[in-house]
Amino acid sequence: MQTSNHSPSPAQRLAAVQARIRQACQQAGRPVESVRLLAVSKRHPAEAIRQLQALGQTAFGENYASELAEKHRQLDELPLEWHYIGPLQSNKTRTIAEHAHWVQSVDRLKLVQRLHEQRPATLPPLHVCLQLKLGDEATKSGTAAHELPALAEAVAKSPRLKLRGLMCIPPPENDPEHQRRWFAQARQVYERLRQEGHALDTLSMGMSQDLEAAIAEGSTMVRIGTALFGPRP
Ligand SMILES: *Cc1c(COP(=O)(O)O)cnc(C)c1O
C-alpha cells in the first residue's frame with residue numbers, strides 16, 4: 001500500500017470505507033455482504049474510476065447524465081456497473097436509458113414512461129430505485145411516501161424496467177439519533193412496499209458522513225463519494 005504525507009492513496013481510502021462498513025454491519029448484527037458499496041465518482045476524472053476498479057470496485061454512481069455517458073464511453077472496456085443518482089430531468093432520460101445499468105432517482109410517472117420507452121431493446125432491463133422524499137423542504141427531488149405505491153406499480157408493469165427498491169437523501173442532521181430516525185422512516189416505507197407484494201432488495205441510503213446510521217437502520221447500498229475519492233474538484 002502506497003504511503004504519503006499528504007492525502008491517502010485510493011487503496012487506503014477504499015480500505016477505510018470497507019472497514020467502516022464492516023464495523024457498522026457487525027454492530028448491527030448484519031452480514032457484511034448485505035451492504036453494497038456504490039462509489040460516487042461525480043466530478044472526478046475517469047482515471048480515478050480506473051484506479052478504484054483495479055482495486056476491485058465495480059459499481060459507480062454519477063449525478064450528471066452527460067458526465068455519465070462520457071465516462072461510460074471512456075471506460076467502455078471495463079466491466080463497470082453505472083448508476084445514475086442525480087436529479088432526473090425528462091430531457092435526459094434517453095442518455096440514462098442508453099448508458100446506465102441503474103437509475104436511483106425516479107420520482108414521477110413521466111420518467112417511468114420515458115425510461116421504459118427509451119431503454120434499448122438490445123440491453124437488459126434498467127434497474128430502478130424510486131427516490132423517497134424525506135422531510136418537507138429538504139430537497140426538491142423525490143416523491144412523498146403516499147405517492148410511491150402508484151409509481152412502484154407503474155415500474156413493475158414496464159418490462160424494460162426492473163424495480164429494485166428505494167433511494168433517499170435525508171435532511172442533514174447533527175444529532176446521530178435524529179439522523180437514524182430519517183433512515184428508520186425510509187426503512188418503514190420500504191417494508192410496506194414489500195408487504196404490498198413488490199420484490200424489492202435495495203434500500204439505497206447512507207453517504208460519507210452517515211453510512212453507520214444508515215446501515216444500523218437497514219441500508220443495503222451506501223453511496224460514497226468524498227470518503228473514497230477525496231473532496232470533489
Ligand atoms: C454526491 C452524492 C453522494 C455522495 O456524497 P458524499 O458525501 O461525497 O459521500 C451520494 N448520493 C447522492 C445522491 C449524491 O448526490
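The values are calculated or read from the model by the stated rules, or taken from the named source; none is laboratory data. Predicted, not measured: the structure shown is a model, and the values here were computed from it. Note: ideal-geometry Cβ built from the backbone for every residue, glycine included; neighbour counts use all protein chains shown. To get the accessible areas, we keep the full protein, side chains included, count just its heavy atoms, and leave off ligands, DNA and RNA. Shrake-Rupley method; radii C 1.70, N 1.55, O 1.52, S 1.80 Å.
Structural remarks
- If you filter the stretch 217-233 down to residues that are modelled with pLDDT of 95 or more and out of contact with any helix residue (DSSP H, G or I) (no Cβ under 8 Å at 6 or more places or on another chain), you find that the one that is farthest from Asp201 (Cα to Cα) is Thr226.
- The number of residues in the stretch 80-121 being away from the ligand (no atom under 16 Å from the Cβ) and of a type in the set (Val, Ile, Thr) comes to 3.
- Restricting the stretch 208-221 to residues that are near the ligand (Cβ under 9 Å from one of its atoms) and out of contact with any strand residue (DSSP E or B) (no Cβ under 6 Å at 6 or more places or on another chain), the residue that is most open to solvent (accessible area, probe 1.4 Å): Gln209
- Output for the stretch 118-140, where each listed residue is assigned to a loop (DSSP other than H, G, I, E, B) and surrounded by fewer than 19 Cβ atoms within 10 Å (Cβ to Cβ): Pro120, Ala121, Thr122, Leu123, Pro124, Pro125, Gly135, Asp136, Glu137, Ala138, Thr139, Lys140
Residue by residue, here is whether (1) buried (at least 19 other Cβ atoms within 10 Å of the Cβ); (2) under 26 Å from Ala24 (Cα atoms); (3) within 15 Å of the ligand (Cβ to nearest atom) holds:
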{"residue": "Leu151", "(1), (2), (3)": "yes, no, no"}
{"residue": "Ala156", "(1), (2), (3)": "no, no, no"}
{"residue": "Glu173", "(1), (2), (3)": "no, yes, yes"}
{"residue": "Pro176", "(1), (2), (3)": "no, yes, no"}
{"residue": "Glu191", "(1), (2), (3)": "no, yes, no"}
{"residue": "Gly197", "(1), (2), (3)": "no, no, no"}
{"residue": "Gly206", "(1), (2), (3)": "yes, yes, yes"}
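- The set of residues in the stretch 35-52 that are more than 14 Å from the ligand (Cβ to nearest atom), open to solvent by less than 40 Å² (accessible area, probe 1.4 Å) and either more than 18 Å from the chain's Cα centre (by Cα) or not hydrophobic (A, V, I, L, M, F, W, C) (or both) contains only Ala46.
- Which numbered condition Glu77 misses (of (1) out of contact with any helix residue (DSSP H, G or I) (no Cβ under 6 Å at 6 or more places or on another chain); (2) farther than 20 Å from Lys162 by Cα; (3) part of a helix (DSSP H, G or I)): (3)
- Summed over the stretch 86-115, the residues that are in a helix (DSSP H, G or I), open to solvent by 10 Å² or more (accessible area, probe 1.4 Å) and closer than 25 Å to Asp76 by Cβ give a count of 7.
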